[in-house]
Amino acid sequence: MRFVPLGGGKEIGANSYLLQVDGKNILIDCGRHPIKEGYESLPAIDEIDKLDYVFISHSHYDHLSSLPHLVKFFPNVRVLTSRENKKLSVRILRNSVEVMKKKNEKDGEPILYNHSDVKKAKKRMIGVEYYEPFKISKKLFVTFYPAGHVMGASSILLEYKGKKIFYTGDISLSDQLTIPSAVLPDKVDVLISEGTYGLKEEATDTRHSEIRRLELSIKKVLKNKGRVLLPVFALGRGQEVLYMILKMLDEEKIPDVPVYTNGMVSIITNLYLQEYAGMPPEKKKWFNNAILRRVRTVPKNYKTLLYDKRPMILILSSGMLIEDTLSYLFAKEILQDNLSAIFFMGYQSPESIGYSILEAARSREEEISYGEERIQLRCTVKKFNFSGHASYEELISLPRELQPSKLVYVHGDEEALLNLSKELEYEFDISVPSNLETVLL
């Protein structure tokens, strides 16, 4: 058995991993790099000569968004994902087409696939139930497990001749407000683990204490008549942050101000409320009613709101302030307002604008590069950890619980993955492959 990262080796990028087992070529995830553009954002799919299956763990951009492009080259490939994720993934891919079209009009960025290609990819998808083994061949079976990361997210267990290979995908081993924690199998032989929070200094307080810290920070800004921007990923953090803000408002822990979100956060939240079975009905009913009572969608003609200085809370994607998204456009104005604040909800890629803002704020810089401009940095900037990923302590405990004979780390900055490897080097046989580096399992 051979494992080769085509993206996501010593990086958080175009996560895509080729697994060769029992004469089958299986691609686990098929993402695009969140910062790179055009063909440079793709995994190294030209390294694949034949492909039998694709397994999609969840619908975040860096795990899903190359799929229609891939299907053009392998039109007969079978695509497995959780039943919960199937409908969601198609909606995300349709949005990707619209984003590419806009970037093409503005910058000439290539359109990697169109809506027709998304339809073709949809036809290749099979939605599987959690815990139900799916037969790949006489000796090879795959089972999807809830990964606890976002709605529909899966960890993936392959069983071949009694040997168990477990790919965590993006995994959360603690409950979130809107998603319960992951479910793990028993002991496995090979563990392929993410390592996003693989540095000790990334260890944080509990979710409860982070909610309290956020509550106090928002309250202070709103009482001073400022605006609060909470950049979020449309899937996952969008729902959790919306839920916690609505709770704070209903419990009168923060001033009663308008709450705005953008179309994609709203669309995915509606899908979550319709499709997701993991939230108790009474909790879901309250969430839905609170949204109807309190949440407004940013209008298409957003300029009036952009320059509106009244106190408000803006829950906008993207979470890393990717250029030309609503969070990016609103952040430019808010950064220059000393009464207002930008509160990041979790991980920022070192290549992202969000990361640059955090670093500038830590260094107390008065100006920052923003696109092609230099602007003043006058607002309050903080980072909160509402991650849907396993914490440092959980990443260390996970292999100790599953006791693999082989441990492979992917999906993390190189420093983080190497730190995890060093912490556990005397307990496990560990590989930290680069992209296109083969690991024998």
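Where a number appears in this text, it was derived from the coordinates with a stated rule and is not lab data. Being a predicted model, the structure only gives us computed values, none of them experimental. FYI the Cβ positions are ideal-geometry reconstructions off the backbone, even for glycines, and counts take in every protein chain you see.
Could you work out how far apart the two model spin labels at residue 256 and residue 351 are, taking each label as a point 7 Å from the Cα in the direction of the beta carbon, and quote it in nm?
4.6
Consider the candidate values (1) 22.3, 71; (2) 21.4, 66; (3) 31.4, 100; state which one is Rg and Dmax of the Cα atoms in Å computed from the structure displayed.
Label (2) holds the value from this structure.
Please report, in debye to the nearest 20, how large the charge dipole of the chain is about its Cα centre when each Lys and Arg carries +1 at its beta carbon and each Asp and Glu carries -1 there. Working shown, then result.
Working: 61 positive and 59 negative charges, 378 e Å.
It comes to approximately 1820 debye.
So in the chain, what percent of DSSP beta bridges are antiparallel if you round to the nearest 5? Please list the in-between numbers first.
On the way: 30 of 68 bridges.
Given both bridge residues lie in the chain, the antiparallel proportion sits at roughly 45 percent.
What is the Cα centroid distance between segment 360-414 and segment 261-329, reported in whole angstrom?
Answer, in whole Å: 23.
Taking a 18 Å limit on the Cα-Cα distance, which of the listed pairs 87/285; 219/300; 219/382; 102/123; 103/382 fall beyond it? Please list the in-between numbers first.
Details: 87/285 22 Å; 219/300 28 Å; 219/382 14 Å; 102/123 26 Å; 103/382 30 Å.
Among 87/285; 219/300; 219/382; 102/123; 103/382, the Cα-Cα distance tops 18 Å for 87/285; 219/300; 102/123; 103/382.
Non-local amide H neighbours of residue 232 (under 5 Å, H modeled in plane, Pro and chain starts lacking H): which ones?
Residues meeting the amide H criterion: 316, 317, 319.
Please name which of 218, 360, 341 has its Cα lying farthest along the dipole of segment 205-383 towards the positive end, using unit charges on Cβ (Lys, Arg +1; Asp, Glu -1) and the Cα centre as origin.
The listed residue farthest towards the positive side: 218.
List, in order, the whole-Hz ³J(HN,Hα) value for each residue of segment 85-98 obtained from phi through the Karplus relation with A = 6.51, B = -1.76, C = 1.60 and θ = phi - 60°; use x for Gly and Pro.
Each residue of segment 85-98 in turn: 8, 4, 4, 4, 4, 5, 5, 5, 5, 4, 5, 4, 4, 5 Hz.
Would you kindly derive the ³J(HN,Hα) couplings of segment 387-403 from the backbone phi angles with the Karplus curve 6.51 cos²θ - 1.76 cosθ + 1.60 (θ = phi - 60°), listing them in order in whole Hz, with x for Gly and Pro?
Values per residue, Gly and Pro as x: 6, x, 9, 4, 6, 4, 4, 5, 5, 6, 7, 4, x, 5, 6, 8, 6 Hz.
Helix 353-362: angle to the longest alpha-carbon principal axis of the chain, degrees 0 to 90, nearest 10?
Helix 353-362 sits roughly 60 degrees off the main axis of the chain.
Taking θ as phi - 60°, what are the ³J(HN,Hα) couplings along segment 187-194 by the Karplus curve (6.51, -1.76, 1.60), each to the nearest whole Hz, with x for Gly and Pro?
Those phi angles translate into 3, 10, 8, 10, 10, 9, 10, 5 Hz.
Filter the trypsin sites (Lys or Arg not before Pro) in segment 374-441 to those in DSSP coil with at most 16 other Cβ atoms within 10 Å of their Cβ, and list the result.
On the way: sites: 374, 378, 382, 383, 400, 406, 422; in loops: 378.
Those satisfying the criteria are 378.
Using Cα atoms only, what is the angle between the long axis of helix 414-423 and the major principal axis of the chain, expressed in degrees (0 to 90) to the nearest 10?
For helix 414-423, the angle is close to 60 degrees.
Pairs 10/120; 119/161; 50/119; 161/406; 122/163: which are spaced more than 25 Å apart, C-alpha to C-alpha? Intermediate values should be presented prior to the final figure.
Numbers: 10/120 32 Å; 119/161 36 Å; 50/119 22 Å; 161/406 16 Å; 122/163 31 Å.
Pairs exceeding 25 Å: 10/120; 119/161; 122/163.
If I stretch the segment between residue 307 and residue 101 completely, what's the gain in nm (0.36 nm per residue apart, minus their alpha carbon distance), one decimal?
Working: separation 206, 0.36 × 206 = 74.16 nm, distance 2.69 nm.
The residue 307-residue 101 span can extend by a further 71.5 nm.
What's the extension gain from residue 183 to residue 129 if we count 0.36 nm per residue and subtract their Cα-Cα distance? Intermediate results must be reported in sequence, preceding the final value.
Values: separation 54, 0.36 × 54 = 19.44 nm, distance 1.39 nm.
Net length gain for the segment: 18.1 nm.
What distance in nm separates the simple spin-label points at residue 427 and residue 396, each placed 7 Å from Cα in the Cβ direction?
That separation, rounded to one decimal, is 0.8 nm.
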